[in-house]
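Mind looking over this structure? Questions follow.
Every number here is computed from the coordinates shown, using simple stated rules; none is lab data. Values in this document were obtained by computation on a predicted structure and should not be read as measured data. Note that each Cβ is placed from the backbone with ideal geometry, even for glycine, and that neighbours are counted across all protein chains shown.
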């Protein structure tokens, strides 16, 4: 008689295990829980509280529900790296030191951590993103990579190649949103006050000459790639997380701040829609919708809670290449 060998392929992280446990040992997702929407998205189920995830010889335990934390028991010689503000607590025996990064000046201007830290075991160390949502574990097999939106990283295993690149999604505007020349009818009021001799013209001119740069998906994107050993990236999702596999050439439009992570094979481009609605005086105030067009092949993950996209509504002064549609 021969033994039957069974295996379980996790639909969320794509790793294979025996399926004997109630959760995937690589990403912590519950085993055999169907969460597929009619539109093709798979909801990443919240990692059950106190779930353990294997990270090499080390082990992470996800604790908490509203603002989850990751307690990682580091094995001797193994380590992780992380932004310093994510550190929650640590054993004194854990060795923590600075991790050098390239382009410190550019990172500082973009609001990214200039100094990353790395910790080495043995000992336990804990991390939290200090924001409500869900902890998402992304296992990476040797050579595999993932692109993560900036400010989402919680912690990653050492040995991962960490780099970052410009998103290429940007536009610039001249003038301020809500300035007197933008609101309906306010331009005529300004003209009347100028005729009355009130010195508003110079201040309005200075305000109209100011150039502001906008990065709907963030100025930079973090890329993590596993070396010759498997690794994992832990990120924080705002609200719920959803993932979808795009076929070759298949495209979707998403709100730029909703992007959580994607495979490097997924390409993107800014998309702008101009509905023919409402009153328009001499600028495109209010009549514009900004999207991020993504096309496959590869995975795309979104978060249901995200920062509001602040579009000033003033005309583009300059921009990256984008597709457009006029309703």
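Calculate the spin-label point distance for residue 255 paired with residue 85, positioning each point 7 Å from the Cα along the beta-carbon direction, and give it in nanometres.
So the two model labels end up 2.2 nm from each other.
Another one. Using the 10 angstrom Cβ neighbour count as an exposure proxy, how do 274, 224 rank, fewest first? Mind showing how you got there, number by number?
On the way: 274 14, 224 24.
With the sparsest Cβ surroundings first, the list reads 274, 224.
Give me the extension gain from residue 319 to residue 100: residue separation times 0.36 nm, minus the current Cα-Cα distance, reported in nm with one decimal.
Details: separation 219, 0.36 × 219 = 78.84 nm, distance 3.24 nm.
Going from the current span to full extension adds 75.6 nm.
Among 316, 171, rank each residue by its count of other Cβ atoms within 10 Å, from fewest to most, as a rough exposure measure.
On the way: 316 14, 171 21.
Listed from fewest to most nearby Cβ atoms, that is 316, 171.
Take 72, 169 and order them by how many other Cβ atoms sit within 10 Å, fewest up front.
Details: 72 28, 169 23.
Arranged by neighbour count, lowest to highest, 72, 169 become 169, 72.
Modelled label-to-label distance, residue 50 and residue 163, 7 Å Cα→beta-carbon offset: nm?
4.3 nm
Let me ask something additional. What spacing in nm lies between the two simple spin-label points modelled at residue 8 and residue 174, each 7 Å away from Cα in the Cβ direction?
6.1 nm
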